[in-house]
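The block underneath contains the structure these notes are about, expressed in structure tokens.
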Amino acid sequence: MFVKLRMTAHPFTVDASASVVDAMKIMADRGVRHLPVLEGGRVVGVVSHSDIAAAGPSRATTFSAGEINYLLEKLKVAKVMTRDPIVVSPDALLEEAAVLMRDHKIEMLPVVDAGRLVGVITESAILDAFIEILGFRDPGTRLTIDATDAPGVLSRLTAVTAKHDANIQHLAVYRGEGDRSIVVVGVNSLNTDEIEADLDAEGFRVLYKLQNR
């Protein structure tokens, strides 16, 4: 799955010369926690709630609310933003975006194409895609199966489902220790008793079954 299929296009942004109060208002009004920061139409940074909190007066300050607001009005986004943010291409795989976000501990990536901001991809979007790819909410049955990690095993497994005219809608493999793997198979049938019996006869072990009606 590509980033462009899951990104939020035309995201809310803020200019580097805007005040921190302006950025806070956009985030509050639009219900977002991060904003790409633009300068001359190009992405130069990202500003978040945590960036603003870190730059603001301490909670122990003796400043009044009015004084704090005045200071934040004078403080420009360019002073508190994270500069030179990590970006991702719309044609990158979603997994690439997930790895970048995980490795760099960030919650949002600007999506840039030929130097132009075309969207953002967030942790929530990646989690939604993960749920969809695994078919957790789709009607049918998800079987979690213990299997040998060896060539030809998936072919044997899919032959069992084909024998019962069950369409595999989702498939995921989690490699475990040694020669074992966990295979999650989502099929379009609610009645999988005969499939499970044949899987057992083929040396597979069904660990868990989830039915969605």
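Some points to look at:
- When we screen 196, 177 for residues that are at pLDDT 95 or above and either of a type in the set (Asp, Glu) or surrounded by fewer than 17 Cβ atoms within 10 Å (Cβ to Cβ) (or both), the only hit is 196.
- The residue list 122, 144 contains one member that is hydroxyl-bearing (Ser, Thr, Tyr) and within 30 Å of residue 204 (Cα to Cα), which is 144.
- Of all residues in the stretch 113-136 being touching a strand residue (DSSP E or B) at 6+ places or on another chain (Cβ under 6 Å) and modelled with pLDDT of 95 or more, the one that is farthest from residue 213 (Cα to Cα): 117
- Selection within the stretch 84-94: residues that are modelled with pLDDT of 95 or more and loosely packed, with under 14 Cβ neighbours inside 10 Å. The member of this set that is nearest to residue 127 (Cα to Cα) is 93.
- Each residue in the stretch 7-26 was checked for being touching a helix residue (DSSP H, G or I) at 6+ places or on another chain (Cβ under 6 Å) and without any contact (Cβ under 8 Å) to a residue 40 or more places away in the chain, and 1 pass.
- Condition check for residue 160: of a type in the set (Val, Ile, Thr) and under 23 Å from residue 129 (Cβ atoms): no
- Taking the stretch 163-190 as the range and being in contact with a strand residue (DSSP E or B) (Cβ under 9 Å, 6 or more places away or on another chain) and more than 22 Å from residue 132 (Cα to Cα) as the test, the residues that pass are 164, 176, 179, 180.
- Screening the candidates 119, 115, 140 for the property of being surrounded by 15 or more Cβ atoms within 10 Å (Cβ to Cβ) and in the same structural domain as residue 42 (by TED's automatic domain parsing) yields one hit, 119.
- 2 or more residues among the polar types (S, T, N, Q) and in contact (Cβ under 8 Å) with a residue 40 or more places away in the chain: qualifying strands (runs of 3 or more DSSP E) within the stretch 91-170: 140-148
- Residue match in the stretch 128-137 (condition: of a type in the set (Lys, Arg) and either exposed (fewer than 15 other Cβ atoms within 10 Å of the Cβ) or at positive phi (or both)): yes
The values are calculated or read from the model by the stated rules, or taken from the named source; none is laboratory data. As the structure is a computational prediction, the values presented were derived from the model and not from experiment. Counting neighbours? That spans all protein chains shown, and the Cβs are built from the backbone with ideal geometry, glycine included.
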